[in-house]
């Protein structure tokens, strides 16, 4: 029984926001700047959830992930210039293609090294589709390959969530390695480090911020989410809600600049929402699942993650790819477009937010097919 119960929403929200404030504050220190606020927030949430201070499941977490994350996407994309994105992040698609390939290779290696039992083909296919697309691909592939055993399904779902946290911790630790930074340099990381902070830069230039501009941004974001939800109901494609929100946001950003000019502080609010999202991800990673039936599945995912990251770094070094772009492509592949946008925003790599979203949407489109194909091969 956690000290703060799941139904004590106000107190739980206070703790989550204190975790976000703690992470942002730590990032101002010498050590914290090397680790980054998103990683500090994620790990702090993980610790608080697993020592029993806050619950690992709560309605508040569901609200954050179902409301704040969709709202954050338009707020982070309102300033996206597609022409500039394509010019500055042309290698992102290549990096995402490599990330997808290495996830598949990791899946086959994991299946070879870890015995997942008689349902191995189905489990591997479902988890691989999730780690190329997202949770919607997990559900779609589960239905397609008929992973109907409820206990196995729930264990697979638990392993999927825990593996995502392990992946995030490893991925966000990469820039802290001097060796990796030297072998795979990044202009985006260097630019972020040479500024005081992305958010502080924005604040310094926000003398024109008005209450009307803030309200307009939030209202426009919500309207886009509503319209995206309506459109998604008529298109039976995994992840369609996020896809429609992304498309509508980019359309507004590039073809309704007069509307965008009437909003402000949008990026800062979107980043705050994503920081809150990282805190809930950490809190929901129940380490006790390692002692249950999900253990072998988590071990399988650890193999997938290690192969994925190792090969991505190797190819990044050989072909002189940008480390930040590799990280965002990797995040878009394993966790989906929303997480890629959150990581880019949290690290201060603003030019990579839109391209990360776009390749993440591509992952939604191909993941279910890949997952079903892997199940067919292994069965």
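The values are calculated or read from the model by the stated rules, or taken from the named source; none is laboratory data. Values in this document were obtained by computation on a predicted structure and should not be read as measured data. Cβ: placed from backbone, ideal geometry, glycine included. Neighbour counts: every protein chain shown.
Data table
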| read-out | value |
| --- | --- |
| Residue in the range 296-305 that is over 19 Å from residue 161 (Cβ atoms), in contact with a helix residue (DSSP H, G or I) (Cβ under 7 Å, 6 or more places away or on another chain) and either at pLDDT below 90 or buried (at least 24 other Cβ atoms within 10 Å of the Cβ) (or both) present | no |
| Residues of the range 296-315 satisfying the condition of being within 19 Å of residue 182 (Cβ to Cβ) and under 17 Å from the mean Cα position of the chain (by Cα) | 309 |
| Single unsatisfied condition, residue 293 versus (1) surrounded by fewer than 21 Cβ atoms within 10 Å (Cβ to Cβ); (2) part of a helix (DSSP H, G or I); (3) at pLDDT below 90 | (2) |
| Top-ranked residue in the range 22-31 [being part of a helix (DSSP H, G or I) and more than 17 Å from residue 46 (Cβ to Cβ); ranked as farthest from the chain's Cα centre (by Cα)] | 30 |
| Scan of the range 262-278 for residues that are at negative phi and not in a helix (DSSP H, G or I), ordered by number | 262, 263, 264 |
| Complete set of residues in the range 132-180 that are part of a helix (DSSP H, G or I), under 22 Å from the mean Cα position of the chain (by Cα), free of Cβ contacts under 8 Å to residues at least 40 places away in the same chain and farther than 19 Å from residue 288 by Cα | 138, 142 |
| Matching residues, the range 218-256, being crowded, with 20+ Cβ neighbours inside 10 Å and outside any helix (DSSP H, G or I) | 238, 239 |
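Rundown of residues vs (1) at pLDDT 90 or above; (2) in contact with a strand residue (DSSP E or B) (Cβ under 7 Å, 6 or more places away or on another chain); (3) part of a loop (DSSP other than H, G, I, E, B), yes/no style:
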{"residue": "5", "(1), (2), (3)": "yes, no, yes"}
{"residue": "16", "(1), (2), (3)": "yes, no, no"}
{"residue": "48", "(1), (2), (3)": "yes, no, no"}
{"residue": "53", "(1), (2), (3)": "yes, no, yes"}
{"residue": "76", "(1), (2), (3)": "no, no, no"}
{"residue": "87", "(1), (2), (3)": "no, no, no"}
